[in-house]
Structure formats: C-alpha cells, structure tokens
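Written out below as structure tokens is the structure these notes cover.
The values are calculated or read from the model by the stated rules, or taken from the named source; none is laboratory data. Source: prediction; values computed, not measured. As a convention, Cβ positions derive from the backbone with ideal geometry for all residues, glycine included, and neighbour counts pool all protein chains shown. Calculation scope for accessible area: heavy atoms of the full protein, side chains included, ligands and nucleic acids excluded. Shrake-Rupley method; radii C 1.70, N 1.55, O 1.52, S 1.80 Å.
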Amino acid sequence: MKKILATLIALALSVPQFATAFDQLERFVAIVPDDPQNALAFTYVAPRDGFLSDKPTLYGVEDTTLLTALIGAEGTDVTTGIAFSQVTGVLSTGVPPRQLTVLFGQPGFLDASETTLLARGFTRSEIAGLPILSKGEDYALDLASASDPLGGGMGKAQRLALDNDFLLRSAGWPEMRMALENLETPPAMTELWRATITGLRQASGESWLDVAIGWNAVGFLDVGDPADFLLDPTAIKNPGKKTDEEPLPVFPHAVIALTEDSDNAAVRIALPFATEDQAKQAGSVIADRLSANPIMATGQANIAVEPVAAYFIAVITIEAESLPDAAKSFTAQNNAVLQRNYDILRLSL
C-alpha cells in the first residue's frame, strides 16, 4: 500500500484540475465490491449545475442526511469542516452496514476538516500517507451524533480518508482498508467496469454525466413474478416468461446513466461484451424492447458499439426533449430494476 499516494497523485494529474463526472467515476470504480449476487453495484450522482433542490437528477442519493447537507450548501459546515457547496459528486457502493461513500469536490474543499474533526474527538491515523480520521467502534451507532452530516442520520461510526479532492467514508476499518488497497491495486473486475464506463463516455460525446447506476446481471434475471420470487428466492432457478423474441446475449453488468448538455438530455444504457457481434445483437434487442415500452423511452433509441481495450461496449441512447423528461425515463427504468420487473434488460434462463 506504500504506492497508494503516488498512484492517486498520478491519477489526479492525468485529469483536469476540476475533474469531470466521468473522471471521478472511472477513478473510484475500483472500490466497488465484487459481489455479483447483489443487484445494485453502485450509485453515482454528480449534477451538472450542483446539488440544487429543484434539480431533477438527484435520484440515487439514499443518505438523506448527507443530501440535506449538500442541497443549497453555503460556506463551511461547522460539524465536519467540509465545504459542501464545493462537492461535485457522490459515489455509494456496498451493502449496509459495510457501505462506502466517496465525496468528490473542488481541490481544497476539505481544508478545514481535519482540524474540525480532531476538535470533536476524532482520532487521526495514516494509511500510506493518507490521513484517516476515525470515531466509534466498527459499525456502532451514536444517536447523540445523529445530526452529523456524515453519520447517516444515526450517528454511525466513521472512518474518513481525506485527500485534496475527495473524502472516502466507511463505518468500519475492513471496508476502508480494502478500498484503499483496491485503489492501489484494482481487482480483476475493475478493468471491465472501467471499460463499460469508458464506452459510455465515448458514446456520450461532450455530454455531462449527471447520474449513473451500476447493476450486476443478477438484477435482470427473469424470475417470473417478483412477488413470488420474494417469497421463494429459489424460484430464480425456474424459467420465467417465455417469448419468441431474439434473446439478449449474456452480460456481467450494466450501467444506466443520465447525461445532459446545453441542448438536450438522454438516458444511456451501457453493457460490455466480448465480441462486436454480441454488442450489436444486444443493441438491436434492447432498442426493440424500448420501442415497445413508451414508459421507459419517449424517443427513438440509437445504438453505438464502442471498442474499449479487449471489449465491445453496447451503448443504447434515448434522447429526450428536456432534462425533466429524461429524468422521468431514467427514474422509471431504475425503479423497475429495483422491483425486478425491468424487461428492457431481461435475461432469460
């Protein structure tokens, strides 16, 4: 782990001083746990114009205490020393209580944090040159600290790794150590996640990435009636719907994203494949399914196949007339995945 600081500095120097949303996600997707049995892999939110209360792209920030601190923030927070108004993105991954959260911000947005936290009784340590401020036993709760913006509304224990342009939060040491190790030496799945994000980026052109939700393939398996599955998870072994449509080639994960620029907004679906033919077939199948489902897509779906390293990334784009329209479609699609009723990426057994 001695190389972690040098690695992060090199990554920071390889992107603009004020990192774009795609840069932030590509840098830290290495911390996403390799847990293919968990449908939700990560949630990333980086609104183009900041965290505003009327922004229709705040979908996915589950920590309402943190979101409250971010919306309309001004100055430096007296509890954490964080300049929340300078936060540019939030990445969340993992299953409670072993979640990881990253706050990305303009360089220097944490300048007052160490002093502020030490004054509140946090303990300072270091891992590979990064200061870690910690308080509480692993995963412990302290309701007396419920107002802490980083305490999840329950005064969760905190391990906070601070750098110039990011803060990494966990409630336990195992997740913190593993995350820092993975940033130094990314696990095998990181290459594939990064390829998927890169393909999405290439297909998005100059558009800004507002929100991206990463889903493992288990979230798209055809399990029949979702209510039946909840009562009997073994039902996943039995084929669900039977149709005559062309099957969707198997994929390991998908990213559903919302992008925008000055002229339009779009929902984009990105999936990695080993061959160009598979990616083209997937794009065609998904476009057909979208055209048959006006709730999920209000416009025509465009297909792109982006070669990235040894992979081919199928990116299906649905242009919208406005950002609210795109946000409505994006929300409908991700809600359907959560309900295990997302036919667009349905994988039959």
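Summary of values
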read-out	value
Residue in the stretch 288-298 that is aliphatic (A, V, I, L, M), under 21 Å from the mean Cα position of the chain (by Cα) and more than 21 Å from GLY60 (Cα to Cα) present	no
Test result for ALA314, touching a Lys or Arg at 6+ places or on another chain (Cβ under 9 Å) and either touching a residue at least 40 places away in the same chain (Cβ under 8 Å) or under 29 Å from THR190 (Cβ atoms) (or both)	yes
Scope the stretch 129-141; condition under 14 Å from TRP173 (Cβ atoms) and open to solvent by 40 Å² or more (accessible area, probe 1.4 Å); matching residues	LYS135, GLY136, GLU137, ASP138, TYR139
Residue ID - farthest from TRP208 (Cα to Cα), chosen from residues in the stretch 83-95 that are open to solvent by less than 30 Å² (accessible area, probe 1.4 Å) and free of Cβ contacts under 8 Å to residues at least 40 places away in the same chain	ALA83
Output for the stretch 103-128, where each listed residue is part of a strand (DSSP E or B), open to solvent by less than 50 Å² (accessible area, probe 1.4 Å) and in contact (Cβ under 8 Å) with a residue 12 or more places away in the chain	LEU103, PHE104, GLY105, ILE127
Given (1) surrounded by 17 or more Cβ atoms within 10 Å (Cβ to Cβ); (2) under 30 Å from PHE312 (Cβ atoms), number of the condition THR185 does not satisfy	(1)
Among (1) more than 25 Å from PRO174 (Cα to Cα); (2) at pLDDT 95 or above, the one test that VAL29 misses	(1)
Restricting the stretch 61-102 to residues that are part of a loop (DSSP other than H, G, I, E, B), aliphatic (A, V, I, L, M) and under 18 Å from SER147 (Cα atoms), the residue that is modelled with the lowest pLDDT	VAL61
Among (1) open to solvent by 40 Å² or more (accessible area, probe 1.4 Å); (2) under 25 Å from LYS135 (Cα atoms); (3) modelled with pLDDT of 90 or more, the one test that LYS2 misses	(3)
Near pairs, Cβ below 9 angstrom, 6+ apart or cross-chain, from the stretch 280-294 (touching a residue at least 40 places away in the same chain (Cβ under 8 Å)) to any residue that is part of a helix (DSSP H, G or I) and open to solvent by 50 Å² or more (accessible area, probe 1.4 Å)	ARG289/ASP343; ASN293/ASP343
Residue list for the stretch 71-82, filter: open to solvent by less than 60 Å² (accessible area, probe 1.4 Å) and either at negative phi or touching a residue at least 60 places away in the same chain (Cβ under 8 Å) (or both)	ILE71, ALA73, ASP77, THR79, THR80, ILE82
Failed criterion for ARG98 (all others in (1) in contact with a Ser or Thr (Cβ under 9 Å, 6 or more places away or on another chain); (2) open to solvent by 10 Å² or more (accessible area, probe 1.4 Å); (3) more than 28 Å from TRP215 (Cβ to Cβ) hold)	(3)
So ALA179, is it in contact with a Ser or Thr (Cβ under 9 Å, 6 or more places away or on another chain), under 16 Å from ALA30 (Cβ atoms) and crowded, with 23+ Cβ neighbours inside 10 Å	yes
Pairs where the first residue, in the stretch 45-70, is within 18 Å of SER322 (Cα to Cα) and the second is buried (at least 17 other Cβ atoms within 10 Å of the Cβ) and of a type in the set (Asp, Glu), C-beta under 6 Å, 6+ apart	PRO47/ASP210; ARG48/ASP210; ARG48/GLU260; THR57/ASP210
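Table: residues versus (1) closer than 20 Å to ASN216 by Cα; (2) over 22 Å from the mean Cα position of the chain (by Cα); (3) aliphatic (A, V, I, L, M); (4) in a helix (DSSP H, G or I).
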{"residue": "ALA279", "(1), (2), (3), (4)": "yes, yes, yes, yes"}
{"residue": "GLU319", "(1), (2), (3), (4)": "no, no, no, no"}
{"residue": "ALA326", "(1), (2), (3), (4)": "no, no, yes, yes"}
{"residue": "ALA332", "(1), (2), (3), (4)": "yes, no, yes, yes"}
